[in-house]
1. So residue 775 passes all but one of these: (1) at negative phi; (2) open to solvent by 30 Å² or more (accessible area, probe 1.4 Å); (3) of a type outside the set (Asp, Glu). Which condition number does it fail?
2. Just to be sure before I move on: is residue 517 surrounded by 23 or more Cβ atoms within 10 Å (Cβ to Cβ), closer than 20 Å to residue 470 by Cα, out of contact with any Ser or Thr (no Cβ under 6 Å at 6 or more places or on another chain) and not hydrophobic (A, V, I, L, M, F, W, C) in the structure I sent?
3. Which ones in region 562-576 are under 21 Å from residue 417 (Cβ atoms) and either part of a strand (DSSP E or B) or out of contact with any Ser or Thr (no Cβ under 7 Å at 6 or more places or on another chain) (or both)?
4. Cβ-Cβ below 6 Å, separation at least six or inter-chain, first residue in region 130-141 and farther than 10 Å from residue 175 by Cβ, second basic (Lys, Arg) and in a helix (DSSP H, G or I): which pairs?
5. Out of 668, 657, which single residue is open to solvent by 40 Å² or more (accessible area, probe 1.4 Å) and among the charged types (D, E, K, R)?
6. Out of the residues in region 195-219 meeting the condition of being at pLDDT 90 or above and within 32 Å of the chain's Cα centre (by Cα), tell me which one is surrounded by the fewest Cβ atoms within 10 Å (Cβ to Cβ).
7. Under the condition of being on the phi < 0 side of the Ramachandran plot, out of contact with any strand residue (DSSP E or B) (no Cβ under 9 Å at 6 or more places or on another chain) and in contact (Cβ under 8 Å) with a residue 12 or more places away in the chain, which residue from region 23-40 is surrounded by the fewest Cβ atoms within 10 Å (Cβ to Cβ)?
8. Residues that are within 42 Å of the chain's Cα centre (by Cα), hydroxyl-bearing (Ser, Thr, Tyr) and closer than 20 Å to residue 21 by Cβ: which helices (runs of 4 or more DSSP H) entirely in region 56-144 hold 2 or more of them?
Amino acid sequence: MKVLKFGGYAIGSAENILRVKQIVESQKEPVVIVVSAFHGITDKLLELSSAAASRDMNFFRLHTEIENKHVEIINSLFEEPMRDQVLSKISAWLKDLISIINGVYQLNDLTPKIQDKILSFGEIMSTYIVSKVIDNGEVLDAKLMIKTDDNYGNAHVNFPLTDRLIRAQFNNYKKTGVVPGFIASSEHSHITTLGRGGSDYTAAIIAAALDVNQLEIWTNVDGFMTADPNKVKKALAIERMSYAEAMELSHFGAEVIYTPTIHPVYRKNIEVVIKNIANPNGKGTLISKESGKPGASPIKGISSIDNIDLITLQGAGMVGVKGISSRLFGTLARTDVNIILITQASSEYSITFALIPQDSERALKAIQQEFEVEIKTRNELNVLVEKELSVIAIVGEQMKNRPGISANLFTSLGRNGISVIATAQGSSELNISIVIRKDGLRKALNVIHEGFFLSHYRELHLYLAGTGTVGGSLLKQIQNQQEILLQDHHLKINVIGICRSKLMLMNPEGIDLKNYTSEMEKQGERADIELFIQKMQYLNFRNSVFIDCTADAQIAATYHKVLNSFISVVTSNKIACSSEYDAYDKLKRASRENNVKFMYETNVGAGLPIISTLNDLIRSGDKILKLEAVLSGTLNFIFNTISKDIPLSKAVHMAMDAGFAEPDPRIDLSGTDVKRKLLILARESGYPLEAEDIEIIPFLPENCFSGTLDDFWKSIAQYDTSFEDRRKKLFAENKKLRFVARLNNGKAAIELMEVDMTHPAYPLEGSNNIILITTLRYCEQPMVIRGYGAGADVTAAGVFADIIRVANV
């Protein structure tokens, strides 16, 4: 024999009820069917009774909604004359219901006993309807089989009596019994209920009493999942788990099965299968004595209770005093407070426990009364209440004696800026529970799930500011590499937000990079970098990276806020790192303290590995003594391009057309850009310089840099002849112009130099950069890094490389 339980979703429509008929009639052995109320009806009955008790006339509307739901399903399922027969029966029950509700309204009182009677109508009506669809189906009265105490709302089963009554009912029974779940009766035959989710419990009670082969629970999901799919989109189905794992996951919020359901079937070693009514051929989840073969992850699943309170009793009056725990939990038990989690400091200074918020006030009052002397008179104890919290449990029998589980859990959370407020783990090592802030729940679940179930790949969530030459090239490179990174390197990159000068777009599902321009035009909103960052913080995705491909000081000023939101920053914008040293140092410290990355390799040398090389040298114990570098790809391009046919002014225009120069070329020509770069390199080399510490010897007069950009173009043309004369002279001497930045034992200077063929910078072509690094180890022969130092594509590639480094940490 087999017991089949169909939940509210599984019978929530005429279509689903016909699926139930197919499932039942395809069974090759006798079955007992247990049925819940139609989906949403129990909630409406609760709302209905509450409205009546508070003399709210809305109860008429709610009663009509309940009636309409049942009539709609009946009209879809039955033809005449069966339709009239079923409608007549349902109508009679609905009249009984409104009569009871009117009584509640008149008395302005709702007792738990009457509440249970009202709630029973949902299962009574659905069971009757389903029984008329099933061939040979017959309604069996659960009140005559399942006997309980009179703890209305959550009655306790009298198992010896209940088992005898169930066996007697099904002895030589030939029909297909359809039993209403959730409902029972007291020894005085008053209706009681088994708690929300009690229909699962009804099915388990019957299964255990009859010692059946299997209990099937049909719902709207493919069984237990590794996490709640509403919060973790990449949750996976669990094919098999043990009774203990199922109980732990259910206790901590997995709503697939009502927790008490496990106890009766566990005692009889009866397998439970969770199945999806919409996917009847799916495997579902098998729950049995065995957990199943060890999987890739040592944990079976993650569950959570979204909203809890944490109460802590603490103080010196607890240390070494016997009986404190007994008094605390004794008074909570007498107050009927359900404890979710308990943790105690080894110093005995405090005991902390979690509970649902509805119980907090009652629990607090009970504790204050029990420990009144210690709290008020002796001032030895105090009680703290923390709200807006959630509890997460990771569960799995394979965790036992497996090192590294806690390390993985807490490292993953810490790396993503999620603080753990309390933690608990039993000696069985079946469960590790943590308490966190409620607003970080979704992020925490995804972080933990990725760490344990998706460790074969990582996922980054990117937010880009700036879609100019560098930002636009970066998006193209990401688009071209997305599939390759996922397949070959197990890295999934999602661009979630894009902000440019006038518009911004945010899509939590990811922006299609093929069509991002048209998407921004259709769905974008007015650009506001502060609002963009607020939305980024609100989404609170794990492994988030903010990318700045602008030269905007306002955006650079947001980095500290972003880093303190536990979001990594990757930037090609030099402004932040070349600002005051204290501001630069503050960003570096924020990165370290929040365990996120602040990456700016492209601030100097575009895609060349200059900053990372300096960092590696210093971290390995070396000391930077001297730097000599050509750091402006723009100026190197200009000086390499000037010829008898191309004067200085035209060469500057060509640098801009090639994408080498800043939007305002005066930043390059004045040496400001090189100054920023040298300042950054000095700081990375261990010298805390400020901008004014760097001497620049200009090669153009001051009047070129005052006034408007139009004024600049007029004035620079005046120097075409003088630069051509100088070029001729140098050509004859076999020399070239190079704008060289130098750092020597903390002293920094920049000037335009004439170099001959013996100088390493002489052969630099186009926009190439070169840097010579002299250190304690590289003192006789400096380390040389040379290559493209400007251009949108190489800079974007450097930014992309920094993004990958964030993922690889």
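The values are calculated or read from the model by the stated rules, or taken from the named source; none is laboratory data. The shown structure was predicted, so the numbers you read here are calculated from the model rather than taken from an experiment. For neighbour counting, all protein chains shown are included, and Cβ atoms are generated from backbone atoms with ideal geometry for every residue, glycine included. Note: areas computed on protein heavy atoms with side chains; ligands, DNA, RNA excluded. Shrake-Rupley method; radii C 1.70, N 1.55, O 1.52, S 1.80 Å.
1. The failed condition is (2).
2. No, not satisfied.
3. 562, 564, 565, 566, 568, 569, 570, 571, 576
4. Final answer for the pair search is 133/21.
5. 657
6. Checked region 195-219; the qualifying residue surrounded by the fewest Cβ atoms within 10 Å (Cβ to Cβ) is 195.
7. Restricting to residues being on the phi < 0 side of the Ramachandran plot, out of contact with any strand residue (DSSP E or B) (no Cβ under 9 Å at 6 or more places or on another chain) and in contact (Cβ under 8 Å) with a residue 12 or more places away in the chain, the top hit is 39.
8. 112-133
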